Amino acid sequence: MKNILNAHYLRLIAGWIAALAVGWAVLWLLNKYTPPQHNPFAALDLSDPIGMATYRKFTNLKHDREACFAALDETGIEYTPIPDRQTSENCGFQNALTLGRSMTPYSATLSMTCIQTAALYTWEVKVVRPAAEEILGSEVARMETYGAFSCRTIAGSRRWSQHSRANAVDISGFRLKDGRLIDVKTHWGNGGPEGEFLKRVRDGACRVFSVTLGPEYNAAHADHFHLDMGRGDVCR
Ligand SMILES: [Zn+2]
């Protein structure tokens with residue numbers, strides 16, 4: 001009787017070990033062969049295409065200052081880190097920087113958190129620039145912005161904006177190398193290539209940022225896209 005029981009338990013243990021080995025092998029294969037942009041366990045590399053894990057990797061770096069700045073350092077953009085600061089009761093920032101030079105110039109100096117900068121860089125390089133060349137046949141010479149850090153509530157609301165945490169940026173338009181200005185207020189939904197371009201970059205922003213608000217959201221956003229890395233989840 002005792003021998004039968006021992007044999008039974010040995011088979012059970014062997015079965016568990018086999019199941020664990022198979023499970024481990026499956027995870028190892030998944031990790032090895034999943035493209036990095038879809039693999040949440042791969043380190044963030046801003047040269048990767050946008051994938052299913054991109055947004056998750058940005059948010060994972062929210063409190064990992066070193067890894068976030070290391071990812072930015074790989075891109076060639078220039079920035080000056082800003083010490084963490086509480087500027088008033090409801091405003092301030094952590095892991096922030098002032099952008100010196102990105103791949104495309106911006107019309108104003110932007111001070112933002114590191115993950116907001118990583119997201120903005122990704123959108124600029126992987127979405128905006130290719131869309132301009134494909135749809136409008138010109139490169140983007142300058143991104144028109146209303147700014148990033150600003151100690152204020154959301155327009156028409158008493159809630160504090162992600163701008164008050166340096167975690168948001170407003171983009172109003174795109175100056176092209178051929179001189180054209182594609183701006184949200186004039187060209188959104190115009191049925192031409194300008195409208196198609198704006199729709200493409202809005203949709204692309206939704207894959208990168210937590211919150212993307214434009215003219216379809218409300219009248220306060222009729223002339224710009226609001227892009228932020230707060231806790232929300234809105235794409236309109
Ligand atoms: Zn905004």
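Whether a residue is at pLDDT 95 or above, closer than 22 Å to Cys91 by Cα and of a type in the set (Phe, Trp, Tyr) was assessed, and Phe197 does not pass this test. Of all positions in region 64-74, none carries a residue that is within 16 Å of the chain's Cα centre (by Cα), of a type outside the set (D, E, K, R) and part of a loop (DSSP other than H, G, I, E, B). Taken over region 204-220, the residue count meeting the criterion of being within 11 Å of the ligand (Cβ to nearest atom) and farther than 14 Å from Phe58 by Cα is 5. Restricted to region 207-231, and to residues that are in contact (Cβ under 8 Å) with a residue 60 or more places away in the chain and not aliphatic (A, V, I, L, M), which residue is nearest to Val184 (Cα to Cα)? Restricting to residues being in contact (Cβ under 8 Å) with a residue 60 or more places away in the chain and not aliphatic (A, V, I, L, M), the top hit is His224. Does region 145-162 include one or more residues that are charged (D, E, K, R) and either in contact with a Gly (Cβ under 9 Å, 6 or more places away or on another chain) or buried (at least 16 other Cβ atoms within 10 Å of the Cβ) (or both)? Scanning region 145-162, I find no residue that is charged (D, E, K, R) and either in contact with a Gly (Cβ under 9 Å, 6 or more places away or on another chain) or buried (at least 16 other Cβ atoms within 10 Å of the Cβ) (or both), so the answer is no. The numbered conditions (1) in contact (Cβ under 8 Å) with a residue 60 or more places away in the chain; (2) touching a strand residue (DSSP E or B) at 6+ places or on another chain (Cβ under 6 Å) are all true for Gly204 except (2). Yes or no: Leu176 buried (at least 18 other Cβ atoms within 10 Å of the Cβ), more than 23 Å from Ser88 (Cβ to Cβ) and without any contact (Cβ under 8 Å) to a residue 24 or more places away in the chain? Answer is no for this residue. Give the residues of region 1-45 that are within 30 Å of Lys126 (Cβ to Cβ) and either part of a helix (DSSP H, G or I) or in contact with a Phe, Trp or Tyr (Cβ under 6 Å, 6 or more places away or on another chain) (or both), sorted by residue number. Of everything in region 1-45, those that are within 30 Å of Lys126 (Cβ to Cβ) and either part of a helix (DSSP H, G or I) or in contact with a Phe, Trp or Tyr (Cβ under 6 Å, 6 or more places away or on another chain) (or both) turn out to be Leu27, Trp28, Leu29, Leu30, Asn31, Lys32, Tyr33, Pro36, Gln37, His38. For region 85-123, a residue qualifies if it is surrounded by fewer than 22 Cβ atoms within 10 Å (Cβ to Cβ) and closer than 26 Å to Arg158 by Cβ, and the qualifying residues are Arg85, Gln86, Thr87, Ser88, Glu89, Asn90, Cys91, Gly92, Gln94, Ser111.
Screening Asp223, Asp170 for residues that are over 15 Å from the mean Cα position of the chain (by Cα) and either surrounded by 15 or more Cβ atoms within 10 Å (Cβ to Cβ) or within 12 Å of the ligand (Cβ to nearest atom) (or both) leaves exactly one candidate, Asp223. Looking only at residues of region 184-193 that are free of Cβ contacts under 8 Å to residues at least 40 places away in the same chain and surrounded by fewer than 17 Cβ atoms within 10 Å (Cβ to Cβ), we find that the one that is nearest to the ligand (Cβ to nearest atom) is Lys185. When Glu196 is tested against (1) assigned to a loop (DSSP other than H, G, I, E, B); (2) touching a residue at least 60 places away in the same chain (Cβ under 8 Å), only condition (1) is not met.
Residues that are among the aliphatic types (A, V, I, L, M) and free of Cβ contacts under 8 Å to residues at least 40 places away in the same chain occur at least once in region 47-60.
The values are calculated or read from the model by the stated rules, or taken from the named source; none is laboratory data. None of these values were measured; they are calculated from a predicted model. Cβ: placed from backbone, ideal geometry, glycine included. Neighbour counts: every protein chain shown.
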